[in-house]
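The values are calculated or read from the model by the stated rules, or taken from the named source; none is laboratory data. Computed from a predicted model, the values in this text were never measured in an experiment. So basically every Cβ, Gly included, is an ideal-geometry build from the backbone, and we count neighbours across all protein chains shown.
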């Protein structure tokens, strides 16, 4: 039986993660560089030393970690302001990023630590991704597929997608762009980036 089911959505700079979690599970809300709120829609939890019963919300300040223990089966919504610029801030300890440009092509190389999740996002046009090393799960619009390197994956435009490394992995996103620096390129290829 699966004890945690999640769905991530990133829209206009707001990241929403819906989690359905069985009773008796401990989850860790890891430190982030910004404030966030968890809305408890069903069930009851203990966060730190405080008990909460739905409907309730739990606020976690920037750079703080919080342990949440489910007392019953719960539905929990994590909400945080996550402009596209902070994707690198969120994952910087678990992802090494390299940027390569040549002849109208931008290759973004990510060396991703096991269990790291690249936040949900979408692009303005279709693009290819290449898994050069490792094993990952890719979720595109609620469909999750596992890939083992070497693999090439087409990601269609306007489809929200996320990536979870099941082992240490190397992943490339390949984009057509005339831009020649990462910030300008990302503003043209990621929906919601300004």
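Would you pick out the residues in region 141-178 that are assigned to a strand (DSSP E or B), free of Cβ contacts under 8 Å to residues at least 60 places away in the same chain and within 29 Å of residue 103 (Cβ to Cβ)?
147, 151, 152, 153, 154, 155, 161, 163, 169
Residue 184 passes all but one of (1) part of a helix (DSSP H, G or I); (2) touching a helix residue (DSSP H, G or I) at 6+ places or on another chain (Cβ under 9 Å); (3) surrounded by fewer than 18 Cβ atoms within 10 Å (Cβ to Cβ); which number fails?
So the condition that residue 184 fails would be (2).
Whether any residue in region 134-145 is touching a strand residue (DSSP E or B) at 6+ places or on another chain (Cβ under 8 Å) and closer than 23 Å to residue 179 by Cα is what I want to check.
no
Going by the structure shown, is residue 86 modelled with pLDDT of 80 or more, outside any strand (DSSP E or B) and surrounded by 14 or more Cβ atoms within 10 Å (Cβ to Cβ)?
For residue 86, the condition - modelled with pLDDT of 80 or more, outside any strand (DSSP E or B) and surrounded by 14 or more Cβ atoms within 10 Å (Cβ to Cβ) - is not met.
Of all residues being surrounded by 15 or more Cβ atoms within 10 Å (Cβ to Cβ) and closer than 13 Å to residue 29 by Cβ in region 53-69, which is modelled with the lowest pLDDT? Just the residue, please.
Residue satisfying both the conditions and the ranking: 60.
What are the residues in region 137-158 that are under 16 Å from residue 127 (Cα atoms) and exposed (fewer than 14 other Cβ atoms within 10 Å of the Cβ), if any?
Within region 137-158, 141, 152, 154, 156, 157, 158 qualify.
Pull up region 7-51, narrow it to residues that are modelled with pLDDT of 80 or more and closer than 10 Å to residue 77 by Cβ, then point me to the one that is surrounded by the most Cβ atoms within 10 Å (Cβ to Cβ).
My answer is 38.
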